[in-house]
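One structure below.
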Amino acid sequence: MSEMLELIQKRRSRRMPFDLERPVAKEHLADILEAARWSPTAHNMQNFEIVVVDDRKVLEAIGSIERPISETFIRENYQQLSFSEEELLKRKTGLLGTTFPPSWRNPDFRLDEIDEEEIASTRRPMAQSPVLLVVVYDPSRRAPASEGDFLGIMSLGCVMENMWLAAESMGIGLRIVSSLSSEPEVKRILSIPDELIIAFSCRLGYPVSEPAKYLRVRRDVKDFTYHNRLGD
Ligand SMILES: Cc1cc2nc3c(=O)[nH]c(=O)nc-3n(C[C@H](O)[C@H](O)[C@H](O)COP(=O)(O)O)c2cc1C
């Protein structure tokens with residue numbers, strides 16, 4: 001159990017360039033997909049398909065899609081940012097402001113004034129990834145009586161975590177890239193039919209350098225655990 005817990009604690013978002021000269025070994029990729037295969041899914045619907053993108057040209061095409069920045073994202077993102085390590089340690093949730101471009105940390109930002117270079121910097125990671133996995137789901141493969149496909153969507157979270165832990169156990173970095181999900185151009189490039197939805201995408205690879213230390217916070221177990229009734 002302690003080994004499992006150690007792996008769970010070690011897993012983290014690798015927001016960094018990956019080594020393009022070092023492709024993810026076929027057998028390691030196969031293990032990551034095997035981990036996805038054995039994910040629990042509501043009613044065992046196995047409601048997902050995974051597109052493995054490892055062709056440089058396709059990765060570059062996806063990376064160069066002009067993705068607009070969402071005003072809602074920046075506004076809501078701002079609300080959960082901490083502006084110092086002390087603040088983050090106190091809050092125990094959310095992210096440190098320095099993770100984001102400077103103009104996104106300005107409560108009075110104006111979308112039309114956001115620096116083009118800052119927007120481009122959020123797209124660049126794709127060009128620094130030897131492999132991208134695009135996980136799509138079919139909402140018609142819905143678990144019985146699951147309003148809004150809630151159980152199906154939770155199942156996709158299990159797929160994500162299984163793959164993430166498998167990658168981490170082999171020293172392969174993984175970063176989720178949510179913004180590709182809402183991008184119709186990605187579906188076109190990958191020939192994903194209209195009726196399927198992109199749940200999430202993740203970049204995989206070996207970090208080019210030792211990751212910089214960054215502060216990771218979590219609430220304490222006692223902060224979210226209740227006994228026999230929810231409340232103090
Ligand atoms: C559903 C989901 C979507 C996420 N989307 C992104 C994303 O688009 N970009 C990103 O860098 N991290 C993304 N993350 C990673 C979280 O930000 C990250 O897990 C969280 O900040 C905790 O940090 P850790 O993974 O290093 O423990 C996502 C995670 C989940 C579960």
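The values are calculated or read from the model by the stated rules, or taken from the named source; none is laboratory data. Because the structure is a prediction, the values reported are computed rather than measured. As a convention, Cβ positions derive from the backbone with ideal geometry for all residues, glycine included, and neighbour counts pool all protein chains shown. For the accessible areas, the whole protein counts, side chains as well, though only heavy atoms, and no ligand, DNA or RNA atoms are used. Shrake-Rupley method; radii C 1.70, N 1.55, O 1.52, S 1.80 Å.
Table for the structure above
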| item | result |
| --- | --- |
| Cα gyration tensor, the range 121-183 - rounded (a/c under 1.5), prolate or oblate | oblate |
| Whole-Hz couplings from phi, Karplus 6.51/-1.76/1.60, listed for the range 153-169; x for Gly and Pro | 5, 4, 4, 5, x, 5, 4, 4, 5, 4, 5, 5, 5, 4, 4, 4, 5 |
| Antiparallel %, DSSP beta bridges [both residues in the chain], to 5 | 90 |
| For the chain, built as a Gaussian network whose Cα springs stay under 10 Å, the top-fluctuating residue of Ile69, Ile50, Ile198 | Ile69 |
| Label-to-label distance, nm, for residues given as Asn106 and Ser209 (7 Å Cα→Cβ offset) | 2.8 |
| Solvent-accessible area per residue, Å², over the range 67-176 with all protein chains present [probe radius 1.4 Å] | 52 |
| Shape metrics for the range 131-232, restricted to C-alpha atoms - Rg then Dmax, Å | 17.7, 52 |
| Accessible surface of Trp164 - all protein chains present, 1.4 Å probe, nearest 10 Å² | 20 |
| Hydrodynamic radius by Kirkwood, which averages 1/r over all alpha carbon pairs of the chain, in angstrom | 19.6 |
